Amino acid sequence: MKVSYYIYILVAILFASCKNEPYEEIPSQEAGEFQNVLLDFNVPSNFPPLIYDIESNPPTETGFELGRRLFYEGRLASDNVVACGFCHIQEFAFTHHTHIISHGVDGALGNRNAQPLHNLAFQNEFTWDGAAIHLDLQPIIPITNEVEMNETFTNVIAKLQAHPEYPRLFREAFENGEINSENILKALSQFMVMMVTSNSKYDKFRRNEGNVTLTENETRGMELFNQKCASCHAGDLFTDQSYRNNGLAIDPEYDDIGRARVTGFPTDNYKFKVPNLRNIEVTFPYMHDGRFATLDQVLEHYRNGITDYENLDSSFRQADGTLGIPMTDEEKARIIDFLKTLTDADFIFDQRFSEF
């Protein structure tokens with residue numbers, strides 16, 4: 001039974017029911033006092049269809065701005081310091097380089113590496129083990145987790161209500177103008193939904209834009225990637241969004257059982273969500289626990305470092321009984337050449353997503 005799923009849904013409903021009274025002077029859009037402009041959301045032509053129901057929470061100028069402020073707002077944490085942007089840094093495609101595993105309030109240590117934040121509107125589940133089944137619910141986990149932000153929504157709401165600017169921002173962003181858990185989560189989603197990375201060299205090549213071509217090494221790397229990696233890192237999102245045991249040796253310090261924490265099924269032990277590979281050049285360290293510092297180390301793991309498990313993914317069992325993905329040093333280098341074409345500098349330095 002997926003116990004964690006139902007817990008987070010129940011918590012979200014409970015929080016959403018704890019609403020403060022509406023503000024008395026909410027701008028009237030009908031009277032022309034204020035107009036909240038919808039943002040354009042365009043699905044890239046080489047992308048799959050949206051999964052997020054954008055019509056139920058359409059990003060607006062003020063909703064997006066509020067979400068951006070909340071993303072970098074330390075008041076969402078019990079120490080008033082550790083914001084979402086503390087572990088998700090834009091220059092690194094919203095990952096965290098300085099720590100292998102994320103650090104929370106008062107230096108508390110988690111047991112997982114911060115995942116990159118992009119193309120979230122195209123994902124069906126979130127976190128390394130899929131504990132969140134909706135983007136609007138995902139922030140509940142870090143905000144309330146004792147080793148991350150360690151706060152309650154009751155406290156967050158009180159702090160935002162007492163702030164000199166947030167009451168106005170919520171009035172402008174939402175029709176009811178309320179500072180409540182529902183609107184906090186929706187504002188964060190409006191910000192994160194717009195985090196689309198789709199302008200890498202690879203994307204321009206795929207869409208035949210600007211006469212962009214891949215080099216001989218990059219083309220060879222793409223061919224090798226499609227042969228050896230694309231069964232899991234599928235499509236232009238570079239993930240099939242499945243959960244797999246990829247043969248990582250158990251770290252005795254954490255012994256993180258992965259997907260089984262959510263489902264309770266022993267068959268899901270040590271399975272983690274297949275990460276997308278966009279901007280992989282800048283999202284090190286790699287794996288759920290950040291154990292690998294370089295892409296070469298990652299590929300070497302798949303070549304020679306696979307640990308056998310009963311539920312090891314079948315893609316790592318060769319017909320002759322050997323474990324791993326056969327590749328030469330030259331093939332590793334070419335695959336890395338291709339992976340670097342997935343870096344999207346436009347996204348990484350997009351001022352819309354920056355703190356200031």
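Taking (1) more than 29 Å from Leu135 (Cβ to Cβ); (2) open to solvent by 70 Å² or more (accessible area, probe 1.4 Å); (3) hydroxyl-bearing (Ser, Thr, Tyr) in turn, Ser231 satisfies each apart from (1). Among the residues making up segment 53-79, those that are polar (S, T, N, Q) and open to solvent by 20 Å² or more (accessible area, probe 1.4 Å) are Ser56, Thr62, Ser78. Whether a residue is aromatic (Phe, Trp, Tyr), surrounded by 18 or more Cβ atoms within 10 Å (Cβ to Cβ) and assigned to a helix (DSSP H, G or I) was assessed, and Phe284 does not pass this test.
Quick check on this structure: which one of Leu109, Leu39, Leu50 is within 20 Å of the chain's Cα centre (by Cα), open to solvent by 30 Å² or more (accessible area, probe 1.4 Å) and over 30 Å from Val147 (Cα atoms)?
Values: Leu109 fails: over 30 Å from Val147 (Cα atoms); Leu39 fails: within 20 Å of the chain's Cα centre (by Cα).
None of the others qualify; the one that does is Leu50.
Name every residue in segment 118-146 that is in a loop (DSSP other than H, G, I, E, B) and open to solvent by 20 Å² or more (accessible area, probe 1.4 Å), in order of residue number. Talk me through it step by step, then tell me what you get.
Taking segment 118-146 and keeping what is in a loop (DSSP other than H, G, I, E, B), we get 118-119, 123-125, 127-131, 133-139, 145-146.
Residues satisfying the conditions are Gln123, Asn124, Glu125, Thr127, Trp128, Ile133, His134, Asp136, Leu137, Gln138, Asn145, Glu146.
Among the residues of segment 234-257, those that are open to solvent by 30 Å² or more (accessible area, probe 1.4 Å), of a type in the set (D, E, K, R) and within 24 Å of the chain's Cα centre (by Cα) comprise Asp240, Arg244, Asp251, Asp255. Scanning segment 210-219 for residues that are open to solvent by less than 90 Å² (accessible area, probe 1.4 Å) and modelled with pLDDT of 95 or more, we see that the one that is farthest from Pro44 (Cα to Cα) is Asn217.
When Asp308, Asp289 are checked against the criterion of being open to solvent by less than 40 Å² (accessible area, probe 1.4 Å), assigned to a loop (DSSP other than H, G, I, E, B), more than 18 Å from His233 (Cα to Cα) and touching a residue at least 40 places away in the same chain (Cβ under 8 Å), a single residue qualifies: Asp289.
In summary, Ile101 fulfils each of the numbered conditions (1) modelled with pLDDT of 95 or more; (2) assigned to a loop (DSSP other than H, G, I, E, B); (3) out of contact with any Ser or Thr (no Cβ under 7 Å at 6 or more places or on another chain) with the single exception of condition (1).
Name the residues in segment 338-356 that are open to solvent by 40 Å² or more (accessible area, probe 1.4 Å) and assigned to a helix (DSSP H, G or I), would you?
Quick first cut of segment 338-356, residues open to solvent by 40 Å² or more (accessible area, probe 1.4 Å) only: 340, 345-346, 349, 351-352, 355-356.
Passing the criteria: Lys340, Ala345, Asp346, Gln351, Arg352.
The values are calculated or read from the model by the stated rules, or taken from the named source; none is laboratory data. Here the structure is a predicted model, which means the values were calculated and not measured. Positions of Cβ are backbone-derived with ideal geometry, glycine not excepted, and every protein chain shown enters the neighbour counts. Keep in mind that these areas ignore ligands, DNA and RNA; they rest on the heavy atoms of the full protein, side chains included. Shrake-Rupley method; radii C 1.70, N 1.55, O 1.52, S 1.80 Å.
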